[in-house]
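Single-structure report; data block below.
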Number of protein chains: 2
Amino acid sequence: MSNLSQDIISNSGVRIFQDKQLYSFNLDTILLYNFAKPAKKGAVVDLCSGNGAIGITLTHKTKATIYLVELQKELSDLAQISINENNLNAQVKLINDDLKNVQNYISHDTIDSIVCNPPYFAVEDNSKMKDNPVLAIARHEIKTDLSKVLYASKVLLKENSHLFMVYRPERLSELFKNMLDNRLQPKRVRFVRSTKNKDANLVLIDAIKTVKSASLKVEPDLVIYQDGEFTKEAKSIIEG
Amino acid sequence: MSNLSQDIISNSGVRIFQDKQLYSFNLDTILLYNFAKPAKKGAVVDLCSGNGAIGITLTHKTKATIYLVELQKELSDLAQISINENNLNAQVKLINDDLKNVQNYISHDTIDSIVCNPPYFAVEDNSKMKDNPVLAIARHEIKTDLSKVLYASKVLLKENSHLFMVYRPERLSELFKNMLDNRLQPKRVRFVRSTKNKDANLVLIDAIKTVKSASLKVEPDLVIYQDGEFTKEAKSIIEG
């Protein structure tokens, strides 16, 4: 493990083993971890879990069994190291497969909460494509896409249970349409901006699986910087 | 005209005749007027124009012919008074009919911009229903609804032309889904909040008619009050 760093999200105490050559967690991960309100018990899924940073750290917030679903072997192997090193084998289960096969491992309508930091970019949008293939798959819709992620979420979630997601505001209308098409109703969104006078660069979404319509709350923005320093709220989220 | 007041949006100089017993323009109207960037010439439509406050005031921003489409006779009659009193009969045309019949007056694919402040509330949501029937129809989806408004917008607009709308954030996912279903792509949204720490209570949307997908910009919030007074931006919008 000589090439690996150990990082901790928001002072949770859970050590995440990372390989900077592959993919490391970033601000998106920290913000989604903090935004999510997982069920306190039962079963939680981290879809597109990568190196497991969010799912494994959620053991700090919940007693639920946590399933990590990740396609890429290199990232799953890293997640397994973090599970082992934190002695979390009893609580965290790894599924190293395509999310389209998730029902081979987990029954439909059995999951109490899902967290998901999916690939953000359409394949056509290759302006930001990286040479590193692991990173490319994590960021671009090469192996999965938004509608597959939301379909899997709908299948797994119990009725009236929540999906917590981080996404790009540029694709918000597509996200909302796809959510409604999968009867996931956005209940709460929060936009994230570098500074209060900039366009939003991230959006956090809390959606519920329901056949009913729902009323959306657009919560106060999360602003990261003011006068060149972290805002009080950003500091408290990042440092925990 | 003894029961009528005269009001002016944002120092435009255009006098709007209003009957407080029926329906008067409010902050939503002023914000949409300011958010809208109508084509400088050609033809513009104000859908659900009410007493004409936005459409008639847009003569201050554009030389285009402006069509007001309003179902309610009482409000159309008021709009005609404002058109007459401002000597705008050459530029502003009144269509007092249901927007589902709009193609009887205007050909499809001929409009350069649309502004629309539609009824916000579903009929089932009668918690805010008013006794005043004119106001009830203006605020609730009694005579029209979101999908009809967006369908009419799609039919009227030229390709790559803009729809400017004000709506309630509570229904944003439904709005976006309906827009995409009518191949109107949200390009720019701006949330409006009473204060920066409150949930948004309005959203301004700039959508474009196109078969392509589009990238959405979530612009900086418009905050109305700070420390009990108008913010600088709100003051400049409201006072013109």
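Okay, here's what the table says:
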quantity: For B:Thr65, inter-copy label distances in nm, listed shortest first [label point 7 Å out on the Cα-Cβ vector]; calculated: 6.9
quantity: Long-range amide H partners of B:Lys187 with built H, under 5 Å; calculated: B:Asp206, B:Ala207, B:Ile208
quantity: DSSP bridge orientation in the protein assembly as shown - percent antiparallel, rounded to nearest 5; calculated: 50 percent
quantity: CD proxy at 222 nm, helix term only [per DSSP H run n ≥ 4: -39500 (n - 2.57); per residue of chain A; nearest 500]; calculated: -7500 deg cm²/dmol
quantity: Order by protection proxy (mean Cβ within 10 Å, highest first), peptides B:51-57, B:8-14, B:40-46; calculated: B:51-57, B:40-46, B:8-14
quantity: Shielding by other protein chains, A:25-36, mean Cβ within 10 Å; calculated: 0
quantity: Exam field: B:Ser194 pseudo-label spacings to other copies (7 Å along Cα-Cβ), nanometres; calculated: 3.3
quantity: ³J(HN,Hα), Karplus 6.51/-1.76/1.60, whole Hz, each residue of segment B:37-43, x for Gly, Pro; calculated: 10, x, 3, 6, 8, x, 9
quantity: Percent antiparallel among DSSP beta bridges (both partners in chain A, rounded to 5); calculated: 50 percent
quantity: For segment B:45-58, Karplus couplings with θ = phi - 60° (6.51, -1.76, 1.60), whole Hz, Gly/Pro x; calculated: 10, 9, 8, 6, 7, x, 7, x, 3, 6, x, 5, 5, 4
quantity: Value of relative contact order over segment B:183-240, rounded to a whole percent, pairs C-alpha under 8 Å and six or more apart; calculated: 37 percent
quantity: Nm distances between copies for B:Ser5, ranked from closest, using label points 7 Å along Cα→Cβ; calculated: 6.1
quantity: Qualifying trypsin sites (Lys or Arg not before Pro) in segment B:157-240, DSSP loop, other Cβ atoms within 10 Å at most 11; calculated: B:Lys212
quantity: Projected label distance in nm at B:Asn197 and A:Gln21, using a 7 Å step from Cα toward the beta-carbon; calculated: 4.9 nm
quantity: Portion, in percent, of the accessible area of the protein assembly as shown that falls on carbon or sulfur, probe 1.4 Å; calculated: 46 percent
quantity: Placed amide H near A:Val115: partners under 5 Å, 5+ positions off or other chain; calculated: A:Val45, A:Asp46, A:Leu47, A:Phe164
quantity: Computed over segment B:23-116, Cα set: Rg, Dmax in Å; calculated: 12.0, 32
quantity: 10 Å Cβ neighbours from other chains, averaged over peptide B:188-199; calculated: 3
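The values are calculated or read from the model by the stated rules, or taken from the named source; none is laboratory data. Since we're looking at a predicted model, the values are computed, not measured. Using ideal geometry, Cβ is built from the backbone for each residue, glycine included, and neighbour counts are taken over all protein chains shown. The area values use the complete protein model at the heavy-atom level, side chains included, leaving out ligands, DNA and RNA. Shrake-Rupley method; radii C 1.70, N 1.55, O 1.52, S 1.80 Å.
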